[in-house]
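Laboratory data are not the source of any read-out in this text; all were calculated from the coordinates shown. This is a predicted model, so every value here is computed, not measured. Positions of Cβ are backbone-derived with ideal geometry, glycine not excepted, and every protein chain shown enters the neighbour counts.
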Amino acid sequence: MKVAIVYYSGTGNTEEMAKILEGALMGKADVEVFTSDSFTADPSSFDAILFGCPAMGNEVLEEESFEPMFSSLEGKLEGKKVGLFGSYGWGDGEWMRNWEDRVKEDGMNLVGSVIANEAPDDIARKELEDLALSIL
Ligand SMILES: Cc1cc2nc3c(=O)[nH]c(=O)nc-3n(C[C@H](O)[C@H](O)[C@H](O)COP(=O)(O)O)c2cc1C
């Protein structure tokens, strides 16, 4: 099974989450990791995609790199197994709730999502490991 992890991270917290997911999938799937800037692959070549982006702006996805990349894929991901993850700061996770609604409206098969307040703690780590297994 081929899984892509595609993320944006400004200060490393979402990147740390991506690394936990990658570690949890090691030996269980063929995993490739991309930043949002570097993801130009055909999404249909992956069985599942884990997208990571922190809360930015005012409860939105990061707008320079991640949002354009993600919106360019939206029409191509119907039925695709997708998981979402990302770090946030002072908010209450609104950006992730909106993102979940968006992927469901797009017809993606949303397997789950994990949020972490700043750097992932032990609870977020466990949730990420569970997300990695449920995408298989
Ligand atoms: C420009 C900017 C905008 C942000 N907007 C929000 C926000 O709307 N809600 C929130 O909870 N955190 C917000 N944050 C905090 C980040 O989501 C938080 O620091 C997160 O850990 C950053 O993840 P990263 O290390 O992967 O870049 C913002 C941070 C920056 C730099």
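Would you work out the charge dipole size for the range 26-136 about its Cα centre, treating the Cβ of every Lys and Arg as +1 and the Cβ of every Asp and Glu as -1, and quote it to the nearest 20 debye?
Using Cβ point charges on Lys, Arg, Asp and Glu, the range 26-136 gives about 380 debye.
Kirkwood Rh and Cα-based Rg: tell me the resulting Rg over Rh for the range 41-136, rounded to two decimals.
Taking Rh as the inverse mean 1/r over Cα pairs, Rg/Rh reads 0.95.
Take the Cβ-Cβ distance between residue 11 and residue 92 as r, set R0 to 25 Å, and report the resulting FRET efficiency rounded to the nearest 0.05.
0.80
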